[in-house]
Amino acid sequence: MPPSLRVLFLASEADPFVKIGGLGDVAGSLPPALKTVDDSIDVRLVIPFHGAIQRQAYKLRTVGVFDVPSAGGAIRAEALHIELDGLPVYLIAGAPIAPDAPVYSADPAQDGRKFTFFSLAALELARYLDWSPDVLHANDWHTAPAIYALARARGQDPLPSRRSRVTAAGDQFFQHTATLLGLHNLPYLGIGTEAALTAFELPPASGSDLPVWAAHLPLPLGLLAADHIVAVSPNYAREILTPAFGSGLHEFLRSRASSISGILNGIDTLRWDPRSDPDLVVNYDADQLEKRALNKAALQTEFGLAQDPRRPLFGVVSRLDFQKGVNLVPDALRQVSDQDCQLIVLGAGDPQLERAIYQLEVEFPDRVRAAIRFDSTLSSRIFAGVDALLIPSRYEPCGLTQMIAMRYGCVPVARATGGLVDTITDYDDPGQSTGFLFEAPTSGDLATALLRANQVFEDRDTWLALQRRGMGQDFSWARSAKAYLEFYQDLVRRTTERTRTNAE
């Protein structure tokens, strides 16, 4: 790895500052993990200064005030800085990032203006600091405009640096910057933000392979302009090339197939650790699985279910919406109602799905319990107490739940899609298996998977081996960060070769 490889990492959210979804986990975990794997890398995280961020919780200092060009005139941006465990973090403030607005609003025009301003401000920040990145790593539609703008700047940027006094004639500040777009959820294209792109002088793409309807949407423009696209799992990188998962862009993405890869996300293995999790009744590891039974018994007692170690206890920990396939669960359970099993569901979301889960509890009062809420503490107890976790997602770019479940000795029963395929080995291969996969997003296929799991559960030794194989998997961010570092190195090499060829 070249010394002091410079990576500018842009995201709309990042833990611990603000976290709404899985992207917050990634942006909060991957940059520091990169530093852990190779302390010579100079990675800098940039996020918007959302109103939800508690300013008083951090010792922020202003490092720069600069202008972001727009069709209506320059808009002032302020960059605040903090070192978080050795990681430089910058928060961008400015009028489009209203302090009283939510991180993501219901108004695409408002979000478009906020995130387009932020994307361009992040590029201006790099210029202001006279810090030319080797890699620009943007994520999803919110920061994709930075990649599109950078691609245009390679041919148009007349300012190599606003603070450097000596520059090579004709040199360009971002000429040697490789761009990578992290793809976490393709269907979120940024529809309704076209006016914001126009306002910040980012025109529609012309003469490209993009469909006409996508030529002025931020995510498609980023997919078009990025030097490389990295989906959050290898299988999802393949799925987006198909009509079923390509969100209308599959033909365009096929034309870019050689520039699309997949790298699995990781999980916080310190936070999710059954050996030390303070929310458990009893801590344990893979060599102490007999202690896990105490967590199961405590969970059954907590929810008023009969204690029986021989009765399989299933769980669901999920946002309740169509994408997560939770609507398949009630009918699937009805189809296996002759099986002596129990179910606990934790989650909230679609009111119709919430009612369906409550109805299931009414139908099976001695076997089903519902906790319709978000509760991190309870989720730990469920991971440590249920025998198997149901993950019937219609699509799942990566998924973290199955990784956490396996770390706790909880066997996943999941749809064969996205990152679930990359992280779960189906019981068709008993000697290597870590869970149960089913193909079609139907209640019938889920019911069949439940029957398979029930059958294996009856053999205690076989089930213990299944649990231990899952607990032995490496889902750490160190593994993911190492893969990204190797990829950055290759991407920089290819970009350098391309720049040299173009110069000749």
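The values are calculated or read from the model by the stated rules, or taken from the named source; none is laboratory data. Everything quoted here is computed from the prediction, not taken from an experiment. For neighbour counting, all protein chains shown are included, and Cβ atoms are generated from backbone atoms with ideal geometry for every residue, glycine included.
I need the full set of residues from the stretch 458-484 which are in a helix (DSSP H, G or I) and under 18 Å from the mean Cα position of the chain (by Cα), in order please.
Within the stretch 458-484, W477, A478, R479, S480, A481, K482, A483, Y484 meet the criteria.
Residue count for the stretch 41-81 under the criterion of being touching a Ser or Thr at 6+ places or on another chain (Cβ under 6 Å) and farther than 12 Å from L125 by Cα: the result is 1. Checking each residue in the stretch 424-436 for being at pLDDT 95 or above and out of contact with any Ser or Thr (no Cβ under 8 Å at 6 or more places or on another chain) picks out only F436. Counting only residues that are over 22 Å from T401 (Cα atoms) and in contact (Cβ under 8 Å) with a residue 60 or more places away in the chain, the stretch 311-327 holds 0 of them.
Restricting the search to helices (runs of 4 or more DSSP H) fully inside the stretch 337-418 and requiring at least 1 residues that are out of contact with any strand residue (DSSP E or B) (no Cβ under 9 Å at 6 or more places or on another chain) and surrounded by fewer than 21 Cβ atoms within 10 Å (Cβ to Cβ) gives 351-363, 376-385. P243 meets the conditions (1) buried (at least 16 other Cβ atoms within 10 Å of the Cβ); (2) more than 21 Å from A33 (Cα to Cα) in every case but one. The failed one is (1). Of all residue pairs spaced 6 or more apart or on separate chains, those with beta-carbon atoms under 7 Å, a first member in the stretch 90-109 that is free of Cβ contacts under 8 Å to residues at least 24 places away in the same chain and a second member that is among the aromatic types (F, W, Y) are P96/F117. Within the stretch 269-314, the set of residues being hydroxyl-bearing (S, T, Y) and within 31 Å of the chain's Cα centre (by Cα) comprises T269, S276, Y284. Among the criteria (1) touching a Phe, Trp or Tyr at 6+ places or on another chain (Cβ under 8 Å); (2) surrounded by fewer than 18 Cβ atoms within 10 Å (Cβ to Cβ), the one L333 does not fulfil is (2).
Select from the stretch 426-440 the residues that are crowded, with 18+ Cβ neighbours inside 10 Å and of a type outside the set (D, E) and list them in ascending order. If the condition is that a residue be crowded, with 18+ Cβ neighbours inside 10 Å and of a type outside the set (D, E), then Y427, S433, T434, G435, F436, L437, F438 are the ones that fit. In this structure, does D366 turn out to be touching a residue at least 40 places away in the same chain (Cβ under 8 Å) and over 30 Å from W477 (Cβ atoms)? Against the criterion (touching a residue at least 40 places away in the same chain (Cβ under 8 Å) and over 30 Å from W477 (Cβ atoms)), D366 qualifies. Candidates A153, A95, A149: the one that is modelled with pLDDT of 95 or more and either basic (K, R) or under 27 Å from V230 (Cα atoms) (or both) is A149. Restricting V26, V43 to those that are assigned by TED's automatic domain parsing to the domain that holds L120, in contact with a helix residue (DSSP H, G or I) (Cβ under 7 Å, 6 or more places away or on another chain) and farther than 16 Å from S119 by Cα reduces the list to V43.
Here Q300 passes the criteria (1) more than 24 Å from E396 (Cα to Cα); (2) in a loop (DSSP other than H, G, I, E, B); (3) touching a strand residue (DSSP E or B) at 6+ places or on another chain (Cβ under 8 Å); (4) in contact (Cβ under 8 Å) with a residue 60 or more places away in the chain except the one numbered (2). With respect to the conditions (1) outside the structural domain of V37 (by TED's automatic domain parsing); (2) over 18 Å from I391 (Cβ atoms); (3) surrounded by 14 or more Cβ atoms within 10 Å (Cβ to Cβ), Y484 lacks only one, and its number is (1).
Within the stretch 196-219, the set of residues being free of Cβ contacts under 8 Å to residues at least 60 places away in the same chain, surrounded by fewer than 17 Cβ atoms within 10 Å (Cβ to Cβ) and closer than 25 Å to I75 by Cα comprises P203, P204. Within the stretch 172-195, is there a residue that is at pLDDT below 95, under 23 Å from R76 (Cα atoms) and among the acidic types (D, E)? The answer is no, given that none of the residues of the stretch 172-195 is at pLDDT below 95, under 23 Å from R76 (Cα atoms) and among the acidic types (D, E).
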